Amino acid sequence: MKLTDPMLLRVEKPGRYVGGEVNAVIKEKNLTRFGFCFPDTYEMGMSHLGLQMLYFFMNRRPDVWCERVFMPWVDTLDVMREEGVPLYALESGDAVRDLDILGFTLQYEMTFTNILVMLELGGMAVRSADRLESDPLICAGGPCATNPEPLADFIDFFYIGDGEATLDIVLDAYAAHKKNGGTKRDFLRHISIIDGVYVPAFYDVTYGADGTIADFVPNTAGVPARVKRAFLPKLDFFPDRFLVPLIEAVHNRVALELARGCMRGCRFCQAGYIYRPLRERGVDELVAQAQTLLSATGHEEISLLSLSACDHSAFGTLVDALLAVTEPERVSISLPSTRLDAAFLSAIEKTQRVRKSSITVAPEAGSQRMRDVINKNLTQDEILDGCEQAYRGGFHKIKLYFMAGLPFEDAADVAAIGTLAEQVVERYYTLPYEQRKKPVAVSVSTACFVPKPFTPFQWAAQSPPETFEAQQREVKANIKRKQISYRYHDAKTAFIEGALARGDRRIGAVIEAAYRAGAKFDGWSEHYKHDTWLDAFDTAGVDVNFYTTRPRNADEIFPWDFIDLGIRKSFLLDEWKRAQEAKLSPNCRDSCAACGLENKCHNEIAPVVSTQPKQDVKSTFGFFGDERDLIRP
Amino acid sequence: MTKTRIQFAKEGALRFIGHLDFLRVFGQMLRRTGLPLAYSQGFNPHIQLGFALPLPLGMASINDYADLTFAQPIDLIKAAAQMQAHAPQGLTVRRIWEQEGRAAAAITTAADYVFTGTITTDLLSKPKYIIAKKTKSGIKDTDIRPDIFAIYNEGTQITMKLAAGSGRFLNPLTVAQIITGREVTAGEVKRLELYEQVGEGFAALGGGRG
C-alpha cells in the first residue's frame, strides 16, 4: 500500500513520494529487485550523482530492476506509522520488504539512525541476526563503508569501493542463488570472496584490556582475512540519462564526473585517500556525456564534479569544449570549490554568465603553519592575491571556510583565522576608491574537524565540544571589523559524527539505542538531539571519549584496518609524522610518494595544463553558492 | 517569433507538484524536444512560457492552457507530437495553435470543476452568500454568490463554474464543501476547463462556448 491521495495532501511536498519522474525505469516484477536506499530526503538523494550512476548501471542489466527508496520526511513518517503504510519503492510502489536486495548509501555518519528507521518502516528487524530468510538482503556502500564496523550488526554485507568494478559479479551471484535456492548465509559465503564484499557475520573481533582491538579474524572457512576494495582502474561507465526530479531538488542539473580520486593529499580529507589514485575521464568523453545528458534531461546547468576540478590535466580545453556545447543551448556551467590557480581563474571568467556578488574560498586554516600541517599547499599571499583579484573582478562579498580543532593547533592558529579575515577585508581598501562601489562583506565560517579513517589524521584525538565552543568564542572575539560576519558548525553534532566515524562494532548498540530513543535526521540541526545521543552511549555502556578525544598509538589496530584500500598504513603514519613537523608533501603529479597504489596509478605524471599564465588572468576565483552547507544542512 | 497557446492535461503523479515545480518540469520537457524556443533577453535568459492559472496541489486539470513563444515559425502539429514524446507521466499535450493577443493568464475569468457528491445546499437559489474569506488584510466577510456562475449535477457528478483568474477567484473546495456539507479534498476534484469572458458569456480558452 502506497500513500493515498488524502494522505499525500496532509504532508509537506507530496511530490517526494509519488515517483513518475522523467527517465524513471519500469520493468517486470520477476527480475532481481534491488532497492537503492538513500537514508535522507528525496531532494538530497535526487541530487546525488552516485544514485544516478548506480541506478542506471544496475538497470542496464536486463535481469535487474533497480528502484529508489528515500527516507520519508518526519511529517510523512508519522502518517505512514499511523496509517500502517510500509516503506515502498518509488517506481513500483511495492513494499521494500518484497524486494530482493536493499542497498543503503552511506554518505554521512549522521544518517545512520535513518537507516534503522527505514528498516523498521519496511517491516523488518533492524539487526541482521533477527531478520527472516524472507526479508530482503541488506547491503551498504559509499564512503562511510570504508569503516563499516559501526553498522556491522545491521547490514548483511557491505560493498566497499567502485560500484562498477564488481557489483555485476555480486548481481550474477544473486541471480544464480535465486535460481538454485539456498539460504542467505549460502549466498553471503559465495560473495564473500568477491573484491569489495565484506560480510561482518563471518568475522570476530576481540578487544584488549585497554579497549582497543586485539584481533580481527574470520570465523568462517574460506573467507579472506582482509577485504580488498573493489577497484576500477579506468572509469568507463556513465549513464546516458538522469532521473529528472519533479520537485525542486538541492541541485537540478547535469553532473559530470571529471575524475575520481585526488592528487593533492590534504591530510584531513578522507575522499582524497579512499578514492585514490586519480582517474580522469577524457575531454571528448565528457563533452559527449554533457550533450547526451542535456538532451535527455532538459536541465539548464552542468556541474563539473571532482575533488579538485581544475587538477584535471586538460581542464582548460574541457571548459572551452563544454562552452561550445552549452552556450548555444543557454546552459550554464557551475564549478565546485577548487584551488586558486590560473586554470580556475580563467574558467570562472569564461563560465560566469550571471554576475554574482559573492564567492567562496577555503583556506581551511588561519595560519600558514596549520595549512602546512594539513598539507593544503596554499600560501597566505595566494589567498590574499586571489581575493584582490576577486574584488577587481567586481565581487564584494567573500566567504572564507576554515576548520577548527585540527591536530597540533594552538591558540595562535585559532587567532590567525580572524587575522586572515581582517587582512582579506584590508585588501579591499587597497583598491582605488572608484573600484569600491559597494561595501565589502567577508563571512567567516568554521567547521569542527572530525578525524576520519584512512587519513593521516586517523591517529588524531578529536577536540571535545567545549574546546570547539571555546575556539568559536575566541574567533568571534578576535573579529573586530564590522565588515566580517562569523558562523560556525555545531560542535556537538561533530562530536557524535567523530565517534561514529572511527567507531568499532560496539558503536552499533549506541546507534540502536539512539534510534530507539527517537533519533532521526541527525544531520539536520532542527532534529538533532545531543542528549539523546549521550544517553544512548550511557545505555549501551560505551564511553564516547574512547572514540573521540583519545589519542591513538602508532601501532593501534583500527576497526577498519582489515579493509585493504591499497594504501599502506605506514604511508599514512609517515604523513601523520610529517604533519606534526608541519612538513608539506608533494602532490602525486609532482612526485610519487609510493602510498601503495603506485602500481594502479596509470596517470601520466604531467604538469597541470593552464590556458593562461597567472598574471594575465583578469577575473576571479571561488565557486558559486554555499554548496557544503546544502549538502550537510 | 511565433506566439502559441498549448492545451494540455495535468493528471496522475503530476498533481502533487506545485505551480513553480510544474513550470520547471514543463520547461525541461520543452528543452528536451529541441524545438526552437524563444528566450527572454538579459543575463539569465528563460523560456517565454506562462500558464493560464495555477492549480491547487492534488487537483487534476483536464483542459489547461499555457502560452509559449517560439523563435521562428514551426510545424505546430509536429511540435505537439514532439512535446508529447518528451512529456513526463501525467502530462498530455492535446493541441498547439498560433495565438496572438493577451496572455491566457490575463483573460482567464472562470473555470469548470467536477467532482462526485450529493448537493444538500442549493447555493444558486440564494441571492447572497456571505463567508469569512481570508484576504491579505485579514479575515473579511465576503459575498461569494456573484463568483458562482453555475452549479449543476448529472446524477452524483457535480459541475461548478466559478470565478477563476488573476482578478476574482473563488476556491472550488470552499464551494464544494458548502453545497455538499462535507469536506472535499483537492484529490477528488478535477478542473475541467478554463474560460475567458466574451460579452455576457464565456468561451473556453481552447475554443467553443461554455
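Would you mind calculating the relative contact order of the stretch A:131-175 from Cα pairs under 8 angstrom and at least 6 residues apart, reporting the percent as a whole number? Don't skip to the answer; put the middle values down first.
Working: 26 pairs, mean separation 17.0, N = 45.
Here the relative contact order equals 38 percent.
Going out from 0 in 10 Å bins, what whole percent of all Cα-Cα distances in the stretch B:109-198 drops into each bin?
Pair shares across the bins are 16, 51, 30, 2, 0.
Where Rh is the Kirkwood radius over the Cα pairs of the stretch B:2-101, the temperature 10 °C and the viscosity 1.306 mPa s, what D in µm²/s does Stokes-Einstein return? The partial results should precede the final answer.
Working: Rh = 13.7 Å.
After rounding, the answer is 116 µm²/s.
In whole Hz and in residue order, list the ³J(HN,Hα) couplings for the stretch A:503-514 that follow from phi through the Karplus curve 6.51 cos²θ - 1.76 cosθ + 1.60, θ = phi - 60°; x for Gly and Pro.
Going residue by residue, I get x, 10, 5, 5, 6, x, 5, 5, 4, 5, 5, 5 Hz, with x marking Gly and Pro.
Could you check the simple spin-label distance between B:GLU100 and A:MET1, using points 7 Å along Cα→Cβ, in nm with one decimal?
In this crude label model, B:GLU100 to A:MET1 measures out at 5.8 nm.
Going Cα to Cα from A:LYS492, which lysines come in below 18 Å? Please leave out same-chain ones fewer than 8 positions away.
Leaving aside lysines fewer than 8 places away in the same chain, those within reach of A:LYS492 are A:LYS452, A:LYS520, A:LYS529.
For chain A, calculate the relative contact order in percent as a whole number, restricting contacts to Cα pairs under 8 Å that are 6 or more residues apart.
On the way: 1188 pairs, mean separation 96.8, N = 633.
Taking the mean separation of contacting Cα pairs over the length of chain A, I get 15 percent.
Quote the Stokes-Einstein diffusion coefficient, in whole µm² s⁻¹, for chain A, based on the Kirkwood radius over alpha carbon pairs, a temperature of 20 °C and a viscosity of 1.002 mPa s. Walk me through the numbers on the way to the answer.
Working: Rh = 25.6 Å.
It comes out at roughly 84 µm²/s.
Helix A:491-501 against the longest principal axis of chain A: what's the angle in degrees, Cα atoms only, rounded to the nearest 10?
So the inclination is approximately 50 degrees.
Within a 10 angstrom radius of each residue's Cβ in B:7-16, how many Cβ atoms of other chains show up on average? Whole number is fine.
Per residue, the number of nearby Cβ atoms from other chains is 4 on average.
Given H placed 1.01 Å from N in the peptide plane, which residues other than close sequence neighbours of A:ALA362 have an amide H under 5 Å from its amide H?
Residues meeting the amide H criterion: A:TYR401.
Name the lysines eligible as straight-distance cross-link partners of B:LYS78: C-alpha to C-alpha under 23 Å, and not fewer than 8 places from it in the same chain.
B:LYS3, B:LYS10
Based on alpha-carbon centroids, what's the gap between the stretch A:1-39 and the stretch A:115-175 in Å, whole number please?
First find each Cα centre; the distance between them is then 21 Å.
If I model a spin label as a point 7 Å beyond the Cα along the Cα-Cβ vector, how far apart are those points for A:GLU329 and A:ALA593 in nm?
3.9
What ranking do A:304-310, A:464-470, A:494-500 get when scored by the average of other Cβ atoms within 10 Å per residue, highest first?
Values: A:304-310: 22.9, A:464-470: 17.1, A:494-500: 25.1.
For the peptides A:304-310, A:464-470, A:494-500, the packing ranking is A:494-500, A:304-310, A:464-470.
Beyond a 20 Å Cα-Cα separation, which of these cross-linked pairs lie in this structure: B:LYS126/B:LYS161; A:LYS2/A:LYS179; A:LYS399/A:LYS438; A:LYS27/A:LYS234? Before the final figure, lay out the partial values.
Numbers: B:LYS126/B:LYS161 16 Å; A:LYS2/A:LYS179 30 Å; A:LYS399/A:LYS438 16 Å; A:LYS27/A:LYS234 30 Å.
Long pairs (Cα-Cα over 20 Å): A:LYS2/A:LYS179; A:LYS27/A:LYS234.
State the Cα centre-to-centre distance between the stretch A:248-270 and the stretch B:10-29 in whole Å.
30
When you look at the Cβ of every residue in A:17-26, what mean number of other chain Cβ atoms sits within 10 Å?
Details: counts 2, 8, 3, 9, 4, 9, 1, 3, 0, 1.
Average per residue, whole number: 4.
Given a Förster radius of 60 Å and the C-beta distance between A:ALA173 and B:SER125 as r, what FRET efficiency does 1/(1 + (r/R0)^6) yield to the nearest 0.05?
On the way: r = 73 Å, r/R0 = 1.22.
Computed FRET efficiency for A:ALA173 and B:SER125 comes out at 0.25.
Can you tell me the orientation of helix A:283-297 relative to chain A, as the angle in degrees between its alpha-carbon axis and the longest Cα principal axis, to the nearest 10?
70
Do the alpha carbons of any pairs in A:LYS437/A:LYS482; A:LYS13/A:LYS397; A:LYS397/A:LYS480; A:LYS376/A:LYS583; A:LYS350/A:LYS397; A:LYS228/A:LYS600 sit beyond 22 Å of each other, and which pairs?
On the way: A:LYS437/A:LYS482 18 Å; A:LYS13/A:LYS397 33 Å; A:LYS397/A:LYS480 17 Å; A:LYS376/A:LYS583 11 Å; A:LYS350/A:LYS397 20 Å; A:LYS228/A:LYS600 14 Å.
Distance filter (> 22 Å) returns A:LYS13/A:LYS397.
Between the stretch A:303-321 and the stretch B:154-171, how many Å separate their Cα centres?
55
Let me know the mean shielding of B:23-31 by other chains, meaning the per-residue number of their Cβ atoms within 10 Å of its Cβ. Spell out each step's value before the answer.
Values: counts 0, 9, 9, 1, 2, 8, 3, 1, 9.
Whole-number average of other-chain Cβ neighbours for B:23-31 is 5.
Over chain A, what is the percentage of antiparallel beta bridges among all DSSP beta bridges, to the nearest 5?
Details: 11 of 58 bridges.
Given both bridge residues lie in chain A, the antiparallel proportion sits at roughly 20 percent.
In square nanometres, what is the average projected area of the Cα convex hull of the stretch A:346-402?
Working: hull surface 16.4 nm².
The number I arrive at for the stretch A:346-402 is 4.1 nm².
Got the relative contact order for the stretch B:109-198 handy, in percent, Cα pairs under 8 Å and 6 or more residues apart? List each step's numbers first, then the result.
On the way: 162 pairs, mean separation 38.2, N = 90.
The value is 42 percent.
Grab the beta carbon distance between B:VAL198 and B:GLU154, set R0 = 41 Å, and tell me the FRET efficiency rounded to 0.05.
0.95
Within the stretch A:143-163, what residues put their amide N at less than 16 Å from the label point 7 Å along the Cα-to-Cβ vector of A:ALA129?
A:150-157
Based on the alpha-carbon set only, what is the convex hull volume of the stretch A:1-91 divided per residue, in Å³? Intermediate results must be reported in sequence, preceding the final value.
Numbers: hull volume 8.9 nm³, N = 91.
It is 98 Å³ per residue.
Kindly rank A:527-535, A:400-408 from highest to lowest mean number of other beta carbons found within 10 Å of each residue. Intermediate values should be presented prior to the final figure.
Values: A:527-535: 16.3, A:400-408: 22.0.
Sorting A:527-535, A:400-408 by mean packing, highest first, produces A:400-408, A:527-535.
List the Cys residues of chain A that have no partner Cys with a C-beta closer than 4.7 Å.
Lone cysteines by the Cβ rule: A:CYS37, A:CYS66, A:CYS139, A:CYS144, A:CYS262, A:CYS310, A:CYS387, A:CYS448, A:CYS588, A:CYS592, A:CYS595, A:CYS601.
Which residues' amide hydrogens lie under 5 Å from the amide hydrogen of A:GLU301, considering only partners 5 or more residues apart or on another chain, with H built in the peptide plane?
A:VAL254, A:SER332
Roughly what would the spin-label model give for A:SER358 and A:THR292, points 7 Å off Cα along C-beta, in nm?
Reported label-point gap for A:SER358 and A:THR292 is 3.7 nm.
Quickly rank A:268-279, A:479-490 as a protection proxy: mean count of other C-beta atoms within 10 Å, highest first. Before the final figure, lay out each step's value.
On the way: A:268-279: 21.8, A:479-490: 15.7.
Order by mean packing, descending: A:268-279, A:479-490.
Two decimals is fine: what is log10 I(q)/I(0) at q = 0.11, 0.20 Å⁻¹ for the stretch A:57-201, from a Debye sum with one equal scatterer on every Cα and no solvent?
Computed log10 I(q)/I(0) values: -0.40, -1.41.
When the chain is fully extended, how far beyond the present Cα-Cα distance does A:ARG369 get from A:LYS569, taking 0.36 nm per residue of separation? It would help to have the intermediate numbers written out before the result.
Numbers: separation 200, 0.36 × 200 = 72.00 nm, distance 2.48 nm.
Net length gain for the segment: 69.5 nm.
Counting other beta carbons within 10 Å of each residue's own, what order do A:ARG260, A:ARG371 fall into, fewest first? If you can, show how the numbers build up before the last one.
On the way: A:ARG260 19, A:ARG371 24.
Sorted ascending by nearby Cβ count, the order is A:ARG260, A:ARG371.
On a 0 to 90 degree scale, rounded to 10, what angle separates helix A:569-580 from the longest Cα axis of chain A?
Long axis of A:569-580 versus the principal axis of chain A: about 30 degrees.
Dividing the Cα convex hull volume of the stretch A:172-234 by residue count, how many Å³ per residue is that? Mind showing how you got there, number by number?
Values: hull volume 6.2 nm³, N = 63.
Cα convex hull per residue, to the nearest whole number: 99 Å³.
Laboratory data are not the source of any read-out in this text; all were calculated from the coordinates shown. In this text the structure is predicted, and so the values were computed from the model without any measurement. Backbone-built Cβ (ideal geometry, glycine too); neighbour counts: all protein chains shown.
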